[in-house]
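To start, the structure under review is shown below, and the notes come after it.
The values are calculated or read from the model by the stated rules, or taken from the named source; none is laboratory data. As the structure is a prediction and not an experimental result, all values here were calculated from the model. FYI the Cβ positions are ideal-geometry reconstructions off the backbone, even for glycines, and counts take in every protein chain you see. For accessibility, only protein heavy atoms count, side chains too; no ligands or nucleic acids. Shrake-Rupley method; radii C 1.70, N 1.55, O 1.52, S 1.80 Å.
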Amino acid sequence: MNFIPTRASALEKLDYFIENGLKDYSKARNFDFGPDQRDNTSCLSPYISHGAINEIEVIKKSLNKFSFSKNEKFIQEVLWRTYWKGWLELRPNVWTDFLVELNSIKNKYKDNENYLNAIEGNTNIECFNFWVKELKGTNYLHNHTRMWFASIWIFTLDLPWQLGAEFFLEHLLDGDPASNTLGWRWVAGIQTQGKHYLASEWNIKKFTNNRFNQIKLNENATPKISEKTYTIIKQDFINPSIDEQKTLVIFDNNLSFESSNFTDTQFKKIILIKQNNENREIKLSENVVKFKELLNEDQKKRLKQKNIECQILDINDLKNIDEDFYILYPSIGESLDFLIKLNLENYKFLYRSLDSFSWQFCNKGFFNFKNHIPKIVSKFT
């Protein structure tokens, strides 16, 4: 499997999936046939998570092929990422607490043999070892496999979910703070209190087409317990009026300006932000850092082809902008954390239309959000 870090490659992969995989997506999506057989899934998440293509253009293309009713499961999966982001925006302390807990746990486990064997793929569980090597080699895992992986990590290997979430963020091309953190919390049983996800031998064998043996798991584990509860912090994600041309700053999760709800005539210049590992709490693998850098370069190239002034700056260089500017909101996560630490006062956030409309429906669980999906789709397509 190969993820070429360009928007053109993302669109090519989207078109291929629409023509070859979308028809059978609902019944085939849960099968993991291995890294060389991914036609049953879109494999678009590394591009969507960086904004190289956005959810709306993916949904529009799917609806050009099939009706909403035939596409409903695929559209739901595309909008899961939107839901997770919105859920975390309304409860930002979940992310803050995750980082605090992670830093507390890391020192305790740095020499733990069970942990070291897990991250090197040296456990006695064949499928888990394969997935560790696949994750490090391809920087991607099938979504169903991520659930199995997290469950084995937490309930069979008896390791803290926070360390597993860090491991995924380090290596996944599509790792983002909301989907990753909340997904691991869900498997552990603390996202929806008392409801955890337990991987089982029969399920893994069925959905991997019996590719693995030696699958001895703890299939009777109880959910993890957290005493913490999080109340919703109500926010308005409303754009200020853009009354004069200023600079727009874009982070590496919004790298398709040309398909956004903004136009080049609203801004005099665009700055793309580069974040090195020294600015990150969670250090990313070399492949993930390189993927982000090349997507930045691809966005810069496309903007210059449209005669839009653009440059790439280190995030620390934002301190040197001595005029008012806009920032396309990066969402809860390390980019926003570091931005807050810079303590700048001369900027305003702009929000994607999809986010500002959809996040109002993220106050409860996904099933509630799902009821609003037809309304969301209708508004943007």
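For region 281-381, relative contact order (Cα pairs under 8 Å, six or more residues apart, normalised by length) works out to 19 percent. Couplings for region 83-97, taken from phi via the Karplus curve 6.51 cos²θ - 1.76 cosθ + 1.60 with θ = phi - 60°, read 5, 4, 4, x, 4, 6, 4, 7, 9, x, 5, 4, 5, 4, 5 Hz in order; Gly and Pro are left as x.
For region 349-362, backbone phi angles converted through the Karplus equation (6.51, -1.76, 1.60; θ = phi - 60°) give residue-by-residue couplings of 7, 10, 10, 5, 4, 4, 5, 4, 7, 6, 5, 5, 9, 9 Hz, Gly and Pro being listed as x. Between residue 195 and residue 290, the modelled label-to-label distance comes to 4.1 nm, taking each label 7 Å out from Cα in the direction of the beta carbon. The alpha carbons of the chain stretch over 63, 49, 37 Å along the principal axes, in descending order.
In this simple spin-label model, placing a label point 7 Å from the Cα along the Cα-to-Cβ direction at both residue 202 and residue 37 gives a separation of 2.3 nm. Under the criterion of Cα pairs below 8 Å and six or more residues apart, the relative contact order for region 1-145 equals 21 percent. If you take all other residues with their beta carbon under 10 Å from the beta carbon of residue 141, and give Lys and Arg +1 and Asp and Glu -1, the sum is -2. Anisotropy class assigned to region 126-211 is oblate, per the alpha carbon gyration tensor with a/c at or over the 1.5 cut-off and a/b no larger than b/c. Per residue of the chain, the DSSP helices (runs of n ≥ 4 H) give a summed -39500 (n - 2.57) that works out to -14000 deg cm²/dmol at 222 nm. If the elastic network links every pair of Cα atoms under 10 Å, which of 75, 282, 321 fluctuates the most in the Gaussian network model of the chain? Fluctuation is largest for 321. Think of region 147-299 as a dipole: +1 on every Lys or Arg Cβ, -1 on every Asp or Glu Cβ, centred on the Cα centre; then among 253, 167, 149, 149 lies furthest on the positive end. How much of the pair distance distribution for region 216-355 lies past 27 Å, counting alpha-carbon pairs only, in percent? Value for region 216-355: 31 percent of Cα pairs lie more than 27 Å apart.
Averaging 1/r across all pairs of distinct Cα atoms in region 74-184 and inverting the result yields a Kirkwood radius of 14.6 Å.
Hey, what did the chain get for relative contact order, percent, Cα under 8 Å, at least 6 apart? This gives 21 percent for the chain. Note on residue 64 and residue 340: the model spin-label points, each 7 Å out from Cα along the C-beta direction, lie 4.0 nm apart. First compute the accessible area of the chain with a 1.4 Å probe, then give the percent of it belonging to carbon and sulfur atoms. The nonpolar share, carbon plus sulfur, comes to 46 percent.
Dipole of region 196-344 computed with +1 at Lys/Arg Cβ and -1 at Asp/Glu Cβ about the Cα centre; of 238, 295, 214, farthest Cα towards the positive end is 214. Cα gyration tensor of region 20-84, axes a ≥ b ≥ c as square roots of the eigenvalues: rounded (a/c below 1.5), prolate (a/b > b/c) or oblate? In terms of gyration-tensor shape, oblate. For residue 327, the residues 5 or more places off, or on other chains, whose built amide H falls under 5 Å of its own are 249, 348, 349, 350. If the segment from residue 381 to residue 226 were pulled out straight at 0.36 nm per residue, it would be longer than the present Cα-Cα gap by 51.8 nm. The residues of the chain expose, per residue, 46 Å² of accessible area to a 1.4 Å probe.
Region 71-111: Rg/Rh from Cα coordinates, Kirkwood Rh? List each step's numbers first, then the result.
Details: Rg = 15.6 Å, Rh = 12.4 Å.
Checking Rg against Rh, the ratio lands at 1.26.
Near the amide H of residue 125, within less than 5 Å, lie no amide hydrogens of residues on another chain or at least 5 residues away, with H placed in the peptide plane.
Basic side chains Lys and Arg get +1 at the Cβ, acidic Asp and Glu get -1 at the Cβ, and with that the dipole of the chain about its Cα centre reaches some 1120 debye.
For region 3-11, 3J(HN,Hα) computed residue by residue from phi via the Karplus equation (6.51, -1.76, 1.60; θ = phi - 60°) reads 10, 7, x, 9, 5, 4, 5, 4, 5 Hz, glycine and proline entered as x.
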